[in-house]
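For reference, the structure is listed below as structure tokens.
Derivation of every value follows stated rules applied to the coordinates shown; laboratory data play no part. Note that this is a predicted model, so its numbers are computed, not measured. Don't worry about glycine lacking a Cβ; one is built from the backbone with ideal geometry, like all the others, and counts go over all protein chains shown.
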Amino acid sequence: MTYKEARVYLDEMSKYGSVLGLETIRGLLHELGDPQDDLKFIHIAGTNGKGSVLAYTSTILSEAGYRIGRYVSPAVVSYLERIQVNGEWIPEERFADLTEKARDAIARMEDAGEKTPTVFETETAIAFLYFREMQCDMVVLEAGLGGALDATNIVRNTLCAVFSSISRDHIGVIGNDLKEIAENKAGIIKPGCTVISAGQKEEVRRILSRRAGTYGADYVEAGTVDMEREGVRGMEFSYKEFQDLCTSLSGKSQAVNAAVALEVIRALRNLGYPVSDGAVRRGMEHTVWRGRFECIMEEPAFVLDGAHNEAGALKLRESVESYFPGRRLICIMGVFRDKEYEKIAAAICPLASSVYTVDLPDKERGLKAEILAEAAGRYCRRVKAANSMEQAVQEALGEADSMDVILSFGSLSYLEAVRKILDQERRTRQ
């Protein structure tokens, strides 16, 4: 099987949609020799900030000399970035070979009358095969949807169950209110692991701490960092015994995410995994996570941010007001239709002088630019449904003065396309 054939095979599987539950992936992994049982995990769930916590944690541990697997979603730059070891994407050849193994295992399951795995279950199995093959010391594992019934929750050897900020998202899929959503995500807690959480609303905190107590797991909640400097180009801060750290990641949520990651490092130290202060410092400095309040151009400032729910949008608003006070804001907005797009618009669009809405590449989940423009138009007078992303970027640039701010936000799936269009525009104008 070639890489292209592997992608076609998995794309075909996508049409079957997604199904929550562990029975099918358990059968698939058993056919593949249960690779997950030979690995140790730092399992991360939450609504916003999972990826940033993963990036900080895995980079620090790689700097400490460990071989660290990363499993992330969604992909921003390349499909292959979802499966990484020490920051290196899985090679196309290995991905193809492992996909072929998974395909053969699925054929055996189907012959036995078992359910066909979903594409996410298959990708997760491929990741576990690769991490075992690469003899990873630990895997930093991002939950896909929820926690309890997410395919990643098939793992047993959880060192740390980690929770970024939990808020309302995927309503009706993993829960109908915040309490049900928190209970679902709490399902990643395993007996004897260490539970580490960002600061949460009280009802969420009670659910996580009670679940931890039931499983004999220590519960740790991250505190606040001592901020020394922050801005659009990053922050300098201290946290407990970790002094004078700096990171290029910016945005008001990053201080929380960094504190959670540092609590993971403290827990691992207590479990007997040495991580030097130097590795922590280097890891923070070297952490890269694209599409999270990422400033990719100045004069005018051009910022990308994957705020795709109300909580993320409110944090984004706080960052814009803090880092760009008094500057005119021009927005490019694209979100999936299963998101609370009216609330996202309500949080950001009142700040904007103009808003361009765009269709997303994923036509099945995407919200039409015209419908999004109607929602944005309730909060901003100048709103236009762009015919294409290229048009949105070109017109935003044409409208902006050197001191203005262009903010492209919403679903992560389209931000890399915006980056490429902007790069082309800059080359054309030079």
Practice task
Based on other C-beta atoms within 10 Å, arrange LYS252, LYS50 from fewest to most.
Solution key: LYS252, LYS50
Fill in the blank from the handout: Longest principal axis of the chain (C-alpha) makes with the long axis of helix 119-133 (C-alpha) an angle, in degrees to the nearest 10, of 60 degrees
Practice task
Quick one: which residues, 5 or more positions from ASN48 or on another chain, have an amide H under 5 Å from its amide H? H modelled 1.01 Å from N in the peptide plane, none for Pro or chain starts.
Solution key: SER165, SER167
Practice task
Report, by chain and number, residues whose modeled amide H sits under 5 Å from the one on PHE302, excluding near sequence neighbours (fewer than 5 apart, same chain).
Solution key: ILE296, MET297, ILE406
Practice task
Would you check the range 294-429 for Lys pairs whose C-alpha atoms are within less than 16 Å, ignoring same-chain pairs closer than 8 in sequence, and give me the count?
Solution key: 4
Handout entry: Relative packing of peptides 415-426, 37-48, 312-323 - highest average C-beta neighbours within 10 Å first
Key = 37-48, 312-323, 415-426
Handout entry: For the range 2-72, size of Cβ-based charge dipole, Lys and Arg +1, Asp and Glu -1, in debye
Key = 300 debye
Completion exercise
In whole Hz, the Karplus estimates of ³J(HN,Hα) for the range 363-370 (6.51, -1.76, 1.60; θ = phi - 60°; x where Gly or Pro) are 5, 5, 9, x, 9, 4, 4, 5
Completion exercise
Other residues with Cβ under 12 Å from the Cβ of ALA148 give, with Lys and Arg +1 and Asp and Glu -1, a net charge of 0
Exercise for the section: Could you size up the charge dipole of the range 294-429 around its Cα centre, putting +1 on the beta carbon of Lys and Arg and -1 on that of Asp and Glu, and report it in debye to the nearest 20? Expected result: 180 debye
Handout entry: Residues whose placed amide H lies under 5 Å from that of GLU228, excluding near-sequence neighbours
Key = GLU236, PHE237, SER238
Fill in the blank from the handout: Scalar couplings 3J(HN,Hα) for the range 248-257 by Karplus 6.51 cos²θ - 1.76 cosθ + 1.60 (θ = phi - 60°), nearest whole Hz, x for Gly and Pro, are 7, 6, 10, x, 5, 7, 6, 5, 5, 4
Practice task
Beta carbons within 10 angstrom, averaged per residue: use that to sort the peptides 395-408, 209-222, highest first.
Solution key: 395-408, 209-222
Exercise for the section: Using per-residue counts of other Cβ atoms within 10 Å, averaged over each peptide, order 79-90, 350-361 from highest down. Expected result: 350-361, 79-90
Completion exercise
Applied in sequence order to the range 277-293, the curve 6.51 cos²θ - 1.76 cosθ + 1.60 (Karplus, θ = phi - 60°) yields integer Hz couplings, x standing for Gly and Pro, of 4, x, 5, 4, 4, 5, x, 4, 5, 8, 5, 10, 8, 7, x, 10, 6
Practice task
Could you pull out every one of the aspartates and glutamates with an alpha carbon less than 15 Å from that of LYS40, ignoring same-chain neighbours closer than 8 positions?
Solution key: GLU133, ASP137, GLU142
Exercise for the section: Rounding to the nearest 20 debye, state how big the charge dipole of the range 219-359 is about its Cα centre with +1 on each Lys and Arg Cβ and -1 on each Asp and Glu Cβ. Expected result: 140 debye
